[in-house]
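S.K.: Would you mind keeping the following structure in view while I ask a few things?
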Amino acid sequence: MNVAKSGYRVFSANSSAACTELAKKITERLGVELGKSVVFQESNRETRVDVKESVRGQTIFIIQTIPRDVNTAIMELLVMAYALKTSCAKNIIGVIPYFPYSKQCKMRKRGSIVCKLLASMLAKAGLTHIITMDLHQKEIQGFFSFPVDNLRASPFLIQYIQEEIPDYRNAIIVAKSPSAAKRAQSYAERLRLGLAVIHGEAQCSESDMADGRHSPPCVRNATGHTGLELPLMMAKEKPPITVVGDVGGRIAIIVDDIIDDVGDFVAAAEILKERGAYKIYIMATHGLLSADAPRLIEESAIDEVVVTNTVPHEVQKLQCPKIKTVDVSMILAEAIRRIHNGESMAYLFRNITTDD
């Protein structure tokens, strides 16, 4: 029976093999059984969840990884949370290692902040707490009306660098853009390595021409105030691509939080190769690796891509042997144990500053 001495239960909200595997790793570390539930799609693609045991008065942890079908995974999580809420669960805590829609956390043109919408939906469904990992922006925590524990994968990736990269002392940590410099600096300081920054890449692909900022002022026939003469904004001019820092004869390690469209990483690897780097690694927490990412990586100058198992990527690994996986189930299991026992989470954030 899936009841620990302290009275909590762990469920998997996804019927995919990858989510079930991560859930089993976590429950094995915790010494409990995985909760009995069935998650499936009806013939009309509606999500159905059946919880097969009583959860009344219990603290429930729902583990949900986000596969390629993001919206289905979100509905699975929402429907399961609501099912547990209506079954009188005391607390419902979502374990969502990769939080979906995290890139849509800022207003762009006439769009919307979808991440805020998702946070409201999760609260309405019944979640009372979330455990996640390396949010795209730490300020996303402010979108939620309940506690959010944003864990870090950097200790596991740093351990991989130290144990699996021969002669890592001859490496240099690289930020593929100035916006990634803080994360790269954190890795460099912990590993006692140098830092390089690639400058000159396009920081935003969206054009401002279509959002109304360049619309002409409204012309009125009536006499009166005609509007203010505002100073014109100078157009941005992309500087030529440069590498700030010496990478010649070094191992280049590019670090980031998400690797999805690998075009920027492939371009950065080519630049580093031209500057004399003899090996190029990429370290990222969430390996989304969408579209043709495996093929592009295999054909590029990148030697190895290391990601964690926060996102299922077994198919991509079969297509590209350069992709390696680091298991982070240990820290997720420890977070679950500490939260339920009312212990401090500070141990999981030791030596981590607000800038990390």
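The values are calculated or read from the model by the stated rules, or taken from the named source; none is laboratory data. Predicted model only: the values in this text are computed from it and were never measured. Here Cβ is always computed from backbone atoms with ideal geometry, including for glycine, and neighbour counts include all displayed protein chains. With ligands, DNA and RNA removed, areas are computed over all heavy atoms of the protein, side chains included. Shrake-Rupley method; radii C 1.70, N 1.55, O 1.52, S 1.80 Å.
S.K.: May I ask you to list the residues in the range 126-165 that are in contact with a Cys (Cβ under 7 Å, 6 or more places away or on another chain) and under 30 Å from Thr86 (Cβ atoms)?
M.R.: Ile140, Phe143
S.K.: Would you mind stating whether Ile280 is touching a Ser or Thr at 6+ places or on another chain (Cβ under 9 Å), crowded, with 21+ Cβ neighbours inside 10 Å, of a type in the set (Val, Ile, Thr) and more than 18 Å from Ala18 (Cα to Cα)?
M.R.: Yes: the conditions hold for Ile280.
S.K.: While we're looking at this one, here's another question. Which of the residues that make up the range 36-71 are more than 26 Å from the chain's Cα centre (by Cα) and open to solvent by less than 30 Å² (accessible area, probe 1.4 Å)?
M.R.: Val55
S.K.: Considering only the range 56-111, how many residues are closer than 19 Å to Arg337 by Cβ and of a type in the set (A, V, I, L, M, F, W, C)?
M.R.: Selection size over the range 56-111: 9.
S.K.: Filter the range 85-102 down to residues that are hydrophobic (A, V, I, L, M, F, W, C) and without any contact (Cβ under 8 Å) to a residue 60 or more places away in the chain and give me whichever is nearest to Met330 (Cα to Cα).
M.R.: Result: Ile96.
S.K.: Among the listed residues Val311, Val307, which satisfies the condition of being touching a His at 6+ places or on another chain (Cβ under 9 Å) and at pLDDT below 95?
M.R.: Sole residue among the options that is touching a His at 6+ places or on another chain (Cβ under 9 Å) and at pLDDT below 95: Val311.
S.K.: Scan the range 224-248 for residues that are without any contact (Cβ under 8 Å) to a residue 40 or more places away in the chain and within 25 Å of Leu191 (Cα to Cα) and jot them down.
M.R.: Once the filter is applied, which keeps residues that are without any contact (Cβ under 8 Å) to a residue 40 or more places away in the chain and within 25 Å of Leu191 (Cα to Cα), the range 224-248 yields only Gly248.
S.K.: Name the residues in the range 7-29 that are surrounded by fewer than 24 Cβ atoms within 10 Å (Cβ to Cβ), out of contact with any Pro (no Cβ under 8 Å at 6 or more places or on another chain) and part of a loop (DSSP other than H, G, I, E, B), would you?
M.R.: Gly7, Ser15
S.K.: Next question. Scan the range 163-189 residue by residue and report those that are outside any loop (DSSP other than H, G, I, E, B) and touching a helix residue (DSSP H, G or I) at 6+ places or on another chain (Cβ under 6 Å).
M.R.: Tyr168, Ile173, Ala175
S.K.: In this structure, does Ser329 turn out to be buried (at least 17 other Cβ atoms within 10 Å of the Cβ), more than 20 Å from Ser12 (Cβ to Cβ) and of a type outside the set (A, V, I, L, M, F, W, C)?
M.R.: no
S.K.: Right, next: Restricting to the range 1-59, count the residues that are at pLDDT 90 or above and aromatic (Phe, Trp, Tyr).
M.R.: 2
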